[in-house]
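Input: a single structure, listed below in structure tokens.
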Amino acid sequence: LKPAAHALFKKLKDEELELLVQVVESRGAWESGCVLAPRGDPRGVKQGLPPQVLLCHLFRWPDLHQSHELKHLCYCAGAQGACGDLAVLCCNPYHFSRLAVPGIPGAPRPSICAHTPSVPTPLDPSSCLAQSCPGGDKLCSPLPDTSLSWSTVKDGCWCKLAYWEYRTRVGRLYAVHEAAVNVFCELPWGSGFCLAQLPATYRSCAVRRARGKIGRGLLLSREPGGVWAYNRSEHPIFVSSPTLSPPGACGLTVLKVLPGYSAKVFDYEWAGDGGGWQLGGEGPCDPHSIRISFAKGWGPCYSRKFITSCPCWLEVLLNQPC
């Protein structure tokens, strides 16, 4: 790939090369601008990979070979000509994630466990989603237009986040108004929902160890048709939601999302009006919610049978479509 890389680097402007160096050296620690490369096949170059595939292969995933294994992250302005110039495409390797979806050719299959517990999981009434939830502790800019037909929600936010340590909710609900939000542990990993700002009277050693693995955490984004989660940390995250389960399933599916991978964790069309979600043995479950555990899995594949046995986890309470 050396000739192909040299050919691509010659086409980049000096400021784009400098940005690429900064991005690679920081391993995408900060949200950066687009590195724009001209479209078209690098004729005469062996293994003519598209620019974004070539750079992602070189700097992030050596086993990557096909563009359909990648997904543009929501903050990339150069996705498919979104920057206004159809002749160029962003090839910033940290503006992409790999897709954590079973069955994609060439992509590793993520671990999936069907979660069918035998005893009910306690449900804190304060975490139940209603048409009007308790107010969050931070406000963002007005809700942007993301081309969703139901983009206006009654209280001005599309979801609220609740952070849990085992069975205890820590802090207040965090209202999300922007189309995407970062959830991370310590400053200065960016702006968004910083878990270090939530006070707790006591934290066990297990909780402190798990919190130490959150790092850059994850990026939650509301995109046309659903909600995506991008794992920015260096450890797996584990996700369950009603729309991750196959039709007719008697329990929740727990999806393992590896570092650098994205997954569509909620599908609005599949969820419908939320009626009829009966999860045998698990008790009541909000049909418009997502549960994400940091670093620790749960379900029949793990020693933890319920998410309330995980030391650090996040509950995403989605506002229902109007």
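Annotations for the structure displayed:
- Annotation note: Cβ proximity below 8 Å between a residue of the range 156-180 that is on the phi > 0 side of the Ramachandran plot and a residue that is of a type outside the set (Lys, Arg) and part of a strand (DSSP E or B) (sequence gap 6+ or interchain) occurs for Gly156/Ala175; Gly171/Tyr163.
- Looking only at the range 6-51, and only at residues there that are of a type in the set (A, V, I, L, M, F, W, C), touching a helix residue (DSSP H, G or I) at 6+ places or on another chain (Cβ under 6 Å) and modelled with pLDDT of 85 or more, the one that is surrounded by the fewest Cβ atoms within 10 Å (Cβ to Cβ): Val24
- Filtered residues of the range 51-63 (kept if in a loop (DSSP other than H, G, I, E, B) and closer than 17 Å to Lys2 by Cβ): Pro62
The values are calculated or read from the model by the stated rules, or taken from the named source; none is laboratory data. Everything quoted here is computed from the prediction, not taken from an experiment. Quick reminder, even Gly has a Cβ in these numbers, built from the backbone with ideal geometry, and neighbours come from all protein chains shown.
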